[in-house]
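J.: One structure, as structure tokens, below. Some questions next.
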Ligand code: SF4
Ligand code: SF4
């Protein structure tokens, strides 16, 4: 076993509950949060080290994810960021696709699809997302806890340090806090890179806060929030705040694969060699490695984030005892009870259909998306003017280039017949996502004016594979006509 388990068999025993007699050592139960003491104070969880097949897989995945989370804002596809929600410019860049604020409705289908993909994962494998891919877990377990282990030692030493006077832990805790703060600041800056172009971010970092006050305040607040979260709040985020965690109970069914304890095989628990005892030797190792401080032998609990630490810990114990692995394992309630498993069920099919509907609608909307917008809108001010027996209507042709690169537009006057139409510019070149208003004046002899006449312009856009065109039109207003 690891040094943790031998040097301190129960580093995670909580604050003793003092009654009339001797203090009773508190152990995790299903009626209370083990991370909160009965007097309301925090019971810091220090999970012991654990090794095993799931740890290896998780750590490999975490390093890939950390690289993705931190590097993604800096990547470019073509002329644009690979992923950027540019709040100030109200532009969005998603893997080569460019969107402006008018396209925000696409987000509904995209987020719906993503949301149902989490539902499918939860219905099939419980909180696998939480234990393997959630940024909270990835950074807490993959970065912060590892640094804490390096600076303060194993779980028992960390628990001891918690109780030590300030003078005795000042240097170690101080080093840890400084490193944690720098890491929190790094993550906060990377996080801001999802909402602000990284070139502007770099400029903001290297210039006075007065030049970018909003970004400065955002990074300051995000750094403090991340620092408090990863230093102190930790598993409470998953247990108390995360809405996905709260939803889990509604998403599970008896066939959902979860981390669980095989009661049939393990009970009655007792020391190895005791006659009639099950396979659980009550070594408490599965509890000491749990980052949320629960005893998986008490059954499925809301606090379990599906990290599989207890599986690796128990498999290790079983290997040492010469017993088969899997006393604690991934299995469904039905699997534990009957040995049978069902993969396809009604709710999995329903969530999958909703997931495909959301992503399908998003993909369809993307493929049918207009590459540019051209609309004729009445200019602010008077509805029309009478000048030398001519009706004068003023419009703005609003052009938006939604392509990832610059495009050239040519404008042609189509109607109405008999009118003199003046367009400020008949050839316009727009950068990607550039939005420009081009003044348009339409003069029509008063005698020719009648209700229903429309000003019409044809806009052509030169694409590498051909020419796209759109007709922009708006009603003409004149004397004796009511404005539409
Ligand atoms: S389930 Fe496994 S790790 Fe947990 S107490 Fe029993 S034998 Fe030990
Ligand atoms: S019970 Fe096991 S899987 Fe669940 S959080 Fe604790 S160690 Fe991880």
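J.: Quickly run through the range 203-219 and pick out the residues that are farther than 24 Å from residue 148 by Cβ and either within 25 Å of the chain's Cα centre (by Cα) or crowded, with 16+ Cβ neighbours inside 10 Å (or both). So that I can check it myself, show each step before the final result.
T.: Going residue by residue through the range 203-219, those that are farther than 24 Å from residue 148 by Cβ are 203-218.
Selection gives 204, 205, 212, 214, 215, 216, 217, 218.
J.: Could you tell me whether residue 286 is over 23 Å from residue 124 (Cα atoms) and within 9 Å of ligand 2 (Cβ to nearest atom)? Walk me through it before giving the result.
T.: Values: over 23 Å from residue 124 (Cα atoms): yes; within 9 Å of ligand 2 (Cβ to nearest atom): yes.
For residue 286, the condition - over 23 Å from residue 124 (Cα atoms) and within 9 Å of ligand 2 (Cβ to nearest atom) - is met.
J.: Still on this structure: Based on this model, can you work out whether residue 413 counts as in a strand (DSSP E or B), in contact with a helix residue (DSSP H, G or I) (Cβ under 6 Å, 6 or more places away or on another chain) and in contact (Cβ under 8 Å) with a residue 40 or more places away in the chain? Even if it seems obvious, please write down each step before you answer.
T.: Numbers: in a strand (DSSP E or B): yes; in contact with a helix residue (DSSP H, G or I) (Cβ under 6 Å, 6 or more places away or on another chain): no; in contact (Cβ under 8 Å) with a residue 40 or more places away in the chain: yes.
So residue 413 fails the test.
J.: Let me ask something else. Which one is modelled with the highest pLDDT, of the residues in the range 318-334 that are part of a helix (DSSP H, G or I) and within 16 Å of ligand 2 (Cβ to nearest atom)?
T.: First pass over the range 318-334, keeping only residues part of a helix (DSSP H, G or I): 318-321, 333-334.
Among the residues that remain, those that are also within 16 Å of ligand 2 (Cβ to nearest atom) are: 318, 333.
Details: 318: 97, 333: 94.
Only one residue fits best here, namely 318.
J.: When you look at residue 70, is it under 23 Å from residue 303 (Cβ atoms), part of a helix (DSSP H, G or I) and at pLDDT below 95, yes or no?
T.: Judged against the criteria, residue 70 is not a match.
J.: Does the range 259-304 hold any residues that are within 13 Å of ligand 1 (Cβ to nearest atom), closer than 30 Å to residue 230 by Cα and in a loop (DSSP other than H, G, I, E, B), and which are they?
T.: Matches in the range 259-304: 283, 284, 289, 290, 294, 295, 299.
J.: Moving on to the next point. Return a yes/no flag: does the range 37-48 have any residue that is within 16 Å of ligand 2 (Cβ to nearest atom), assigned by TED's automatic domain parsing to the domain that holds residue 195 and either closer than 30 Å to residue 369 by Cβ or in a helix (DSSP H, G or I) (or both).
T.: no
J.: In addition: Please specify each residue of the range 305-324 satisfying the condition of being in contact with a strand residue (DSSP E or B) (Cβ under 6 Å, 6 or more places away or on another chain) and either near ligand 1 (Cβ under 9 Å from one of its atoms) or more than 21 Å from residue 334 (Cα to Cα) (or both).
T.: Within the range 305-324, 310, 314 meet the criteria.
J.: Another question, then. So which residues in the range 35-60 are out of contact with any helix residue (DSSP H, G or I) (no Cβ under 9 Å at 6 or more places or on another chain) and in contact (Cβ under 8 Å) with a residue 12 or more places away in the chain?
T.: 37, 38, 39, 41, 43, listed by residue number.
J.: Got at least one residue in the range 185-208 being under 25 Å from residue 129 (Cβ atoms), within 16 Å of ligand 2 (Cβ to nearest atom), out of contact with any strand residue (DSSP E or B) (no Cβ under 7 Å at 6 or more places or on another chain) and assigned to a helix (DSSP H, G or I)?
T.: Looking for residues that are under 25 Å from residue 129 (Cβ atoms), within 16 Å of ligand 2 (Cβ to nearest atom), out of contact with any strand residue (DSSP E or B) (no Cβ under 7 Å at 6 or more places or on another chain) and assigned to a helix (DSSP H, G or I), one finds none in the range 185-208, hence no.
J.: Give 429, 373 a once-over and let me know the one that is in contact (Cβ under 8 Å) with a residue 60 or more places away in the chain and outside any loop (DSSP other than H, G, I, E, B).
T.: Numbers: 429 fails: in contact (Cβ under 8 Å) with a residue 60 or more places away in the chain.
Answer to the selection: 373.
J.: It is to be established whether one or more residues within the range 221-234 are assigned by TED's automatic domain parsing to the domain that holds residue 31 and at positive phi.
T.: Pass one, the range 221-234, residues assigned by TED's automatic domain parsing to the domain that holds residue 31: 221-234.
Among the residues that remain, those that are also at positive phi are: 234.
Within the range 221-234 (the criterion being assigned by TED's automatic domain parsing to the domain that holds residue 31 and at positive phi), the answer is yes, since at least one residue qualifies.
J.: Follow-up question, since we're still on this one. For the condition in contact (Cβ under 8 Å) with a residue 24 or more places away in the chain and assigned to a helix (DSSP H, G or I), what is the one hit in 355, 350?
T.: Details: 350 fails: in contact (Cβ under 8 Å) with a residue 24 or more places away in the chain.
Exactly one residue qualifies, and that residue is 355.
J.: Would you be able to say whether some residue in the range 337-352 is within 12 Å of ligand 2 (Cβ to nearest atom) and either at pLDDT below 90 or in contact with a strand residue (DSSP E or B) (Cβ under 6 Å, 6 or more places away or on another chain) (or both)?
T.: No, there is no match, as no residue in the range 337-352 is within 12 Å of ligand 2 (Cβ to nearest atom) and either at pLDDT below 90 or in contact with a strand residue (DSSP E or B) (Cβ under 6 Å, 6 or more places away or on another chain) (or both).
J.: Being closer than 21 Å to residue 62 by Cβ and part of a helix (DSSP H, G or I): is that true of residue 226 here? Walk me through how you get there before you give the answer.
T.: Values: closer than 21 Å to residue 62 by Cβ: yes; part of a helix (DSSP H, G or I): yes.
It is true that residue 226 is closer than 21 Å to residue 62 by Cβ and part of a helix (DSSP H, G or I).
J.: Is it true that residue 359 is surrounded by 15 or more Cβ atoms within 10 Å (Cβ to Cβ) and more than 16 Å from ligand 1 (Cβ to nearest atom)? I'd like the intermediate steps shown before the answer.
T.: Numbers: surrounded by 15 or more Cβ atoms within 10 Å (Cβ to Cβ): yes; more than 16 Å from ligand 1 (Cβ to nearest atom): yes.
Answer is yes for this residue.
The values are calculated or read from the model by the stated rules, or taken from the named source; none is laboratory data. Just so it is clear, the model here is predicted, and its values are computed rather than measured. Note: ideal-geometry Cβ built from the backbone for every residue, glycine included; neighbour counts use all protein chains shown.
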